[in-house]
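Taking it in order: structure first as structure tokens, then the write-up.
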Amino acid sequence: MGLNFDTEDLSVFLNWVEVFQILSGMNDNEEFAGRFFSRLLASYDLNTTHHKLVQRQQNFLHRGLYTGYDGFVPRTCTEKILTPLAKDLIGKGWNRKLNQVKLKFGELRFYIPEEKDNFEKRILNAMLEWNDKKT
């Protein structure tokens with residue numbers, strides 16, 4: 001049996017990546033993500049949702065899109081926080097490169113390689129918005 005993950009969360013997250021064409025993360029390469037996805041694929045039965053999602057991640061790797069290898073977030077966070085964040089950042093000129101997105105100790109983390117004040121302020125606001133929703 002392969003790694004257990006919430007298929008709905010990953011599916012919604014990968015849809016977000018595809019819609020906004022979010023580009024590769026820091027470890028989205030054959031050495032790290034590629035080997036990991038290959039091992040995962042071998043651990044799932046064909047035609048399962050898990051297998052199909054990992055195949056999709058592997059396809060994203062080959063297309064240069066963010067795979068979720070470095071992290072992904074729950075559906076609610078993707079829909080309520082990441083979607084408006086991506087729209088705003090793209091509107092401000094973001095090149096769509098994402099190093100990592102994840103929840104760490106329940107708090108949203110969103111890392112991009114570009115350091116611009118207007119990006120950093122918007123990202124901070126999104127992280128605070130998610131973190132405030134927890135309480």
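The values are calculated or read from the model by the stated rules, or taken from the named source; none is laboratory data. Bear in mind the structure is a predicted one, so any value in this text is a computation, not a measurement. Backbone-built Cβ (ideal geometry, glycine too); neighbour counts: all protein chains shown. To get the accessible areas, we keep the full protein, side chains included, count just its heavy atoms, and leave off ligands, DNA and RNA. Shrake-Rupley method; radii C 1.70, N 1.55, O 1.52, S 1.80 Å.
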Among the numbered conditions (1) modelled with pLDDT of 95 or more; (2) more than 21 Å from I123 (Cα to Cα); (3) open to solvent by less than 60 Å² (accessible area, probe 1.4 Å), tell me where L14 comes up short. (2)
What are the residue pairs meeting all of these: first residue in the range 53-65, first residue open to solvent by 30 Å² or more (accessible area, probe 1.4 Å), second residue of a type in the set (V, I, T), Cβ atoms under 8 Å, and 6 or more apart or on different chains? Q58/T67
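Return yes when F5 is of a type outside the set (A, V, I, L, M), within 30 Å of N125 (Cβ to Cβ) and touching a Ser or Thr at 6+ places or on another chain (Cβ under 8 Å) and no when it is not. First the steps, then the outcome.
Numbers: of a type outside the set (A, V, I, L, M): yes; within 30 Å of N125 (Cβ to Cβ): yes; touching a Ser or Thr at 6+ places or on another chain (Cβ under 8 Å): no.
Spelling it out, it is not the case that F5 is of a type outside the set (A, V, I, L, M), within 30 Å of N125 (Cβ to Cβ) and touching a Ser or Thr at 6+ places or on another chain (Cβ under 8 Å).
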Output the residues belonging to the range 67-100 that are touching a strand residue (DSSP E or B) at 6+ places or on another chain (Cβ under 9 Å), of a type in the set (A, V, I, L, M) and in contact (Cβ under 8 Å) with a residue 60 or more places away in the chain. V73, L82, L98
D45 fails exactly one of (1) loosely packed, with under 15 Cβ neighbours inside 10 Å; (2) touching a Phe, Trp or Tyr at 6+ places or on another chain (Cβ under 9 Å); (3) acidic (D, E), namely (2)
Residues (surrounded by fewer than 18 Cβ atoms within 10 Å (Cβ to Cβ) and assigned to a loop (DSSP other than H, G, I, E, B)) located in the range 19-30: Q21, M26, N27, N29
